[in-house]
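**Student:** Here it is, the structure, as structure tokens.
The values are calculated or read from the model by the stated rules, or taken from the named source; none is laboratory data. Note that this is a predicted model, so its numbers are computed, not measured. Here Cβ is always computed from backbone atoms with ideal geometry, including for glycine, and neighbour counts include all displayed protein chains. The accessibility values were calculated without ligands, DNA or RNA, using every heavy atom of the protein model including side chains. Shrake-Rupley method; radii C 1.70, N 1.55, O 1.52, S 1.80 Å.
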Amino acid sequence: MALVCCAGMTQAKEKQTSPNGKVAVEFDVVNGIPYYSVSYKGKDVINPSRLGIELINDYSLIDNFKIKDVNKSKFDETWEPVWGESKTIRNNYKEMEVQLVQQQPGKKKKESLRYLTIRFRVYDDGVGFRYEFPEQDNLTYFTIKEEFTEFA
């Protein structure tokens, strides 16, 4: 397991593999900035790439993050479409939910904490992820200026 040193604290990278184990996504926070990478059969497909969202008229969701919690799960179902080329479709993946906490500089701790969740789904043939904004007092209404998701 790889270890990264951030601000005097050692933290392991978080990893989730596909059901067949060939596709893997890793997540890490380096100097407060979230990064992810993707590999296939042990070979890098996406090198460490930055994640984040810039907001208009508010402190952006791009740095000062720490991992609050990580939850992993798996899902497997087969369903029948009403029409299409396939009689059945299998929805089989492993999921990694990374809960991040951000402290905005220059504010009291309670007033400055904001939360962001990044949910990764790892399938045998690829990876998907999304940003989620949990309900919270310090981030209610906002406008996204730019997404800083990279694909290196």
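**Student:** Out of the range 84-94, which residues are part of a loop (DSSP other than H, G, I, E, B) and either surrounded by 10 or more Cβ atoms within 10 Å (Cβ to Cβ) or in contact with an Asp or Glu (Cβ under 8 Å, 6 or more places away or on another chain) (or both)? Give the derivation first.
**Tutor:** Taking the range 84-94 first, the residues part of a loop (DSSP other than H, G, I, E, B) are 84-88.
Of everything in the range 84-94, those that are part of a loop (DSSP other than H, G, I, E, B) and either surrounded by 10 or more Cβ atoms within 10 Å (Cβ to Cβ) or in contact with an Asp or Glu (Cβ under 8 Å, 6 or more places away or on another chain) (or both) turn out to be LYS87, THR88.
**Student:** Within the set of pairs 6+ apart or on separate chains, which have a first residue in the range 112-127 that is without any contact (Cβ under 8 Å) to a residue 24 or more places away in the chain, a second that is part of a strand (DSSP E or B) and open to solvent by less than 50 Å² (accessible area, probe 1.4 Å), and C-beta atoms under 8 Å apart?
**Tutor:** These pairs meet every condition: THR117/GLU97; THR117/VAL98; THR117/GLN99; THR117/LEU100; THR117/TYR131; THR117/GLU132.
**Student:** Sticking with this one: Can you tell me which residues in the range 104-123 are surrounded by 15 or more Cβ atoms within 10 Å (Cβ to Cβ) and either at pLDDT below 90 or more than 18 Å from the chain's Cα centre (by Cα) (or both)? Reasoning before the result, please.
**Tutor:** From the range 104-123, those surrounded by 15 or more Cβ atoms within 10 Å (Cβ to Cβ) are 104, 112-123; that's our starting set.
GLN104, SER112, LEU113 - these are the residues of the range 104-123 that are surrounded by 15 or more Cβ atoms within 10 Å (Cβ to Cβ) and either at pLDDT below 90 or more than 18 Å from the chain's Cα centre (by Cα) (or both).
**Student:** Can you find a residue in the range 63-76 that is among the small types (Gly, Ala, Ser), modelled with pLDDT of 95 or more and exposed (fewer than 14 other Cβ atoms within 10 Å of the Cβ)? Give the derivation first.
**Tutor:** Within the range 63-76, the first condition is being among the small types (Gly, Ala, Ser), and the residues that meet it are 73.
Pick out the ones that are also modelled with pLDDT of 95 or more and you get 73.
Those left that are additionally exposed (fewer than 14 other Cβ atoms within 10 Å of the Cβ): 73.
Scanning the range 63-76 turns up at least one residue that is among the small types (Gly, Ala, Ser), modelled with pLDDT of 95 or more and exposed (fewer than 14 other Cβ atoms within 10 Å of the Cβ).
**Student:** Here's a follow-up. Kindly list the number of the only condition in (1) under 15 Å from the mean Cα position of the chain (by Cα); (2) part of a loop (DSSP other than H, G, I, E, B) that fails for GLU97.
**Tutor:** All conditions pass for GLU97, except number (2).
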